[in-house]
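Below is one structure, written out as structure tokens, with a few remarks after it.
The values are calculated or read from the model by the stated rules, or taken from the named source; none is laboratory data. Values in this document were obtained by computation on a predicted structure and should not be read as measured data. Glycine gets a Cβ as well: all are built from the backbone with ideal geometry, and neighbour counts include every protein chain shown. When the accessible area is computed, the model is the full protein with side chains, heavy atoms only, and any ligands, DNA or RNA have been set aside. Shrake-Rupley method; radii C 1.70, N 1.55, O 1.52, S 1.80 Å.
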Protein chains: 2
Amino acid sequence: MNILLVHAHPEPRSLNGSLKRFIVDRLESQGHAVQVSDLYAMGWKATLDGADRLDREPDARFDPAMDSRHAFVHGTQSEDIAREQDKLRRADALILQFPLWWFSMPAILKGWVERVYANGFGYGVGEHSDARWGDRYGEGSLAGKRAMLVVTAGGWESHYGPRGINGPIDDLLFPIQHGILYYPGFDVLTPHVVYRTGKMDPARFAATCETLGRRLDTLFSTPPLPFRRQNGGDYAIPELGLRPELAPGRTGFGIHLADAQPASVLHVAQPGNEQGAEREQDRARRHEAQAAAHAEGLAQ
Amino acid sequence: MNILLVHAHPEPRSLNGSLKRFIVDRLESQGHAVQVSDLYAMGWKATLDGADRLDREPDARFDPAMDSRHAFVHGTQSEDIAREQDKLRRADALILQFPLWWFSMPAILKGWVERVYANGFGYGVGEHSDARWGDRYGEGSLAGKRAMLVVTAGGWESHYGPRGINGPIDDLLFPIQHGILYYPGFDVLTPHVVYRTGKMDPARFAATCETLGRRLDTLFSTPPLPFRRQNGGDYAIPELGLRPELAPGRTGFGIHLADAQPASVLHVAQPGNEQGAEREQDRARRHEAQAAAHAEGLAQ
């Protein structure tokens with residue numbers, strides 16, 4: 001299989017640098033092809049701006065979403081963006097590897113997401129109707145591919161536990177797992193987190209690689225997290241609240257994971273309005289939905 | 001009062017650009033002094049790297065936390081970082097204003113946090129003992145100042161509701177509110193969020209400014225969110241789990257807000273071990289704690 005490893009650490013002689021080399025070696029030893037985007041080494045431009053669309057009129061008002069769409073559709077994207085999209089297209093799986101900085105990914109990796117996830121590629125994909133709100137959350141350009149996070153954290157595992165002061169790690173990573181990976185269609189695996197990095201020694205590093213190695217060996221066989229598909233019937237459209245009979249009375253990130261018996265099989269997608277009879281209201285809603293879907297990524 | 005507005009949008013002729021001008025005008029009309037860090041206009045360097053420490057040996061192993069500490073302590077930080085820290089020192093309140101991109105802040109603003117929150121300034125502050133885990137979460141260099149987010153989102157408010165598909169907005173913003181603002185000591189206000197930005201028109205913009213204006217007028221009188229202080233007795237040290245008798249049986253981000261009757265008044269900080277009798281174990285723990293506290297920001 002083909003795997004894209006996006007790595008975000010400034011120092012090769014760091015724990016993250018060592019883990020990167022381990023990941024590449026392990027995957028290649030299993031017969032996989034590995035593409036590496038080492039963002040710091042590449043001098044990746046972290047900031048999304050008007051220069052990302054090569055044919056932009058310099059004095060025109062810059063619209064992050066619309067200029068991105070134009071550049072993606074017309075092939076006038078900055079070359080570095082197009083190259084990363086090609087890597088994603090070729091990949092069967094994506095691994096994002098990074099140190100947790102301020103409870104999220106480093107800015108350079110966030111900028112990779114913002115620029116590579118162009119409008120028309122990472123978001124703003126698919127049609128809007130009474131039964132669909134674009135292709136997202138389980139559908140989209142990257143559907144059929146897998147994704148996994150490999151994250152290091154300085155704090156203790158208990159600090160990231162269910163009642164830990166930093167907040168539970170699964171909740172801290174939800175905006176990435178659900179909002180960045182599941183959104184454009186990836187099947188998302190549980191993250192692999194290494195804690196207490198200040199206490200790393202050769203024995204712990206060996207044990208860390210042992211555990212991580214097992215995750216890599218089962219990259220294509222581990223069941224992904226059962227996030228609920230947006231257009232599978234679990235959500236009311238266009239309000240996009242989880243239907244009241246699912247996870248009744250509960251709120252928060254956790255309800256977007258289906259239970260052991262996926263409640264979504266109880267639903268079928270709602271039929272749209274009669275074919276060919278598009279009313280003014282539907283059209284207006286579709287246009288707004290399209291704008292909103294764009295904006296979810298970048299806008300305003 | 002003195003207010004620092006950090007603004008992260010590439011286009012002045014955008015909704016966010018208009019909101020920025022409104023915020024500055026409104027605050028100044030109330031007699032406040034406003035400092036503006038318009039990150040795109042400043043050409044802010046988003047990526048933290050070795051160049052941020054001016055006296056670094058070019059071939060030395062770069063340690064994001066330790067090099068940051070050295071540069072902060074010895075006055076060899078990159079000039080742009082020192083300037084932003086000075087703005088923070090002068091400020092009585094901080095406003096971070098940004099469009100929600102991929103359910104978090106734009107990369108350029110994340111990079112502002114990573115670089116300006118130096119080790120010794122934004123984290124890695126204070127002593128570690130049996131009763132303290134450094135000055136953080138309610139204590140720290142920025143204690144006594146207030147902070148508020150002003151955020152725009154393309155999606156509908158219902159998409160960000162308690163059962164909305166994107167996840168509740170308060171949970172999406174928790175890593176910023178609690179992990180970036182409360183961590184170094186800010187008193188944090190509820191965020192001001194503007195939804196459905198694709199449907200903005202003059203009437204809605206006027207209403208938006210009306211509501212936002214009230215938030216600005218009460219910036220210094222609104223009670224902050226009752227996040228629990230780390231060293232106030234609510235958390236067991238060093239595990240840093242919320243004590244079982246507080247929010248019993250509950251988990252997730254919400255438990256880090258005290259209830260109407262703050263349970264923390266029931267606790268007093270645990271006394272340390274006998275004065276002057278520092279045992280080997282304590283010293284080792286303190287050193288590790290210090291490393292971990294550093295790492296919470298940046299490391300590995």
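Under the condition of being buried (at least 18 other Cβ atoms within 10 Å of the Cβ) and aliphatic (A, V, I, L, M), the residues counted in the range A:72-81 number 1. Kindly evaluate A:A147 against the criterion of being surrounded by 21 or more Cβ atoms within 10 Å (Cβ to Cβ) and more than 9 Å from chain B (Cβ to nearest Cβ). The answer is yes for A:A147.
If the condition is being within 11 Å of another protein chain (Cβ to nearest Cβ) and within 21 Å of B:R53 (Cβ to Cβ), then the range B:120-143 contributes B:G122, B:Y123, B:G124. All conditions in (1) over 28 Å from B:P224 (Cβ atoms); (2) open to solvent by less than 10 Å² (accessible area, probe 1.4 Å) hold for B:L109, with the sole exception of (1). When restricted to residues that are without any contact (Cβ under 8 Å) to a residue 24 or more places away in the chain and either part of a helix (DSSP H, G or I) or among the polar types (S, T, N, Q) (or both), the range A:89-109 contains 1. Looking across B:E84, B:E157, one residue alone is of a type in the set (D, E, K, R) and open to solvent by 10 Å² or more (accessible area, probe 1.4 Å). It is B:E157. Would you check if there is a residue in the range A:224-243 being modelled with pLDDT of 95 or more and open to solvent by 80 Å² or more (accessible area, probe 1.4 Å)? Yes, the range A:224-243 has at least one match.
No other residue among B:G213, B:G198, B:G249 is under 25 Å from A:F174 (Cβ atoms) and in a helix (DSSP H, G or I) apart from B:G198.
B:R61 fulfils the conditions (1) within 11 Å of another protein chain (Cβ to nearest Cβ); (2) in contact with a helix residue (DSSP H, G or I) (Cβ under 7 Å, 6 or more places away or on another chain); (3) surrounded by fewer than 19 Cβ atoms within 10 Å (Cβ to Cβ) except for a single criterion, (2).
Being out of contact with any Leu (no Cβ under 7 Å at 6 or more places or on another chain) and open to solvent by less than 60 Å² (accessible area, probe 1.4 Å) is the filter; apply it to the range A:244-255 and report the residue that is nearest to A:Y183 (Cα to Cα). The qualifying residue nearest to A:Y183 (Cα to Cα) is A:F253. Residue check: A:K199 meets all listed conditions (1) surrounded by fewer than 22 Cβ atoms within 10 Å (Cβ to Cβ); (2) modelled with pLDDT of 95 or more but one, namely (2).
Residues are listed down the side, and each one gets a yes or a no for (1) closer than 20 Å to B:Y183 by Cβ; (2) among the small types (G, A, S); (3) under 24 Å from the mean Cα position of the chain (by Cα):
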site: A:L149; (1), (2), (3): no, no, yes
site: A:G154; (1), (2), (3): yes, yes, yes
site: A:H159; (1), (2), (3): yes, no, no
site: A:I165; (1), (2), (3): yes, no, no
site: A:L181; (1), (2), (3): no, no, yes
site: A:D187; (1), (2), (3): no, no, yes
site: A:H192; (1), (2), (3): no, no, yes
site: A:M200; (1), (2), (3): no, no, no
site: A:R204; (1), (2), (3): no, no, no
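Reported count of residues in the range B:10-55, each being away from chain A (no Cβ under 11 Å), within 23 Å of A:M42 (Cα to Cα) and surrounded by fewer than 17 Cβ atoms within 10 Å (Cβ to Cβ), is 1. Just for the range B:170-193: of the residues that are outside any loop (DSSP other than H, G, I, E, B) and away from chain A (no Cβ under 11 Å), which one is least open to solvent (accessible area, probe 1.4 Å)? That would be B:V188.
Taken together, the criteria place B:R69 among residues that are open to solvent by 50 Å² or more (accessible area, probe 1.4 Å), among the basic types (K, R) and touching a residue at least 24 places away in the same chain (Cβ under 8 Å). Restricting the first member to the range B:183-206 and to residues that are over 21 Å from B:A147 (Cα atoms), and the second to residues that are open to solvent by 20 Å² or more (accessible area, probe 1.4 Å), the beta-carbon pairs closer than 6 Å and six or more apart or on different chains are B:R196/B:W156; B:T197/A:Q300; B:T197/B:L15; B:G198/A:A291; B:M200/B:L15.
Remark: B:G167 falls outside the filter, which requires a residue to be assigned to a loop (DSSP other than H, G, I, E, B), surrounded by fewer than 23 Cβ atoms within 10 Å (Cβ to Cβ) and at positive phi. Scanning the range B:213-223 for residues that are among the hydrophobic types (A, V, I, L, M, F, W, C) and open to solvent by 30 Å² or more (accessible area, probe 1.4 Å) yields one hit, B:F220. Of the residues making up the range A:117-134, those that are among the aliphatic types (A, V, I, L, M) and at pLDDT 95 or above are A:A118, A:V125.
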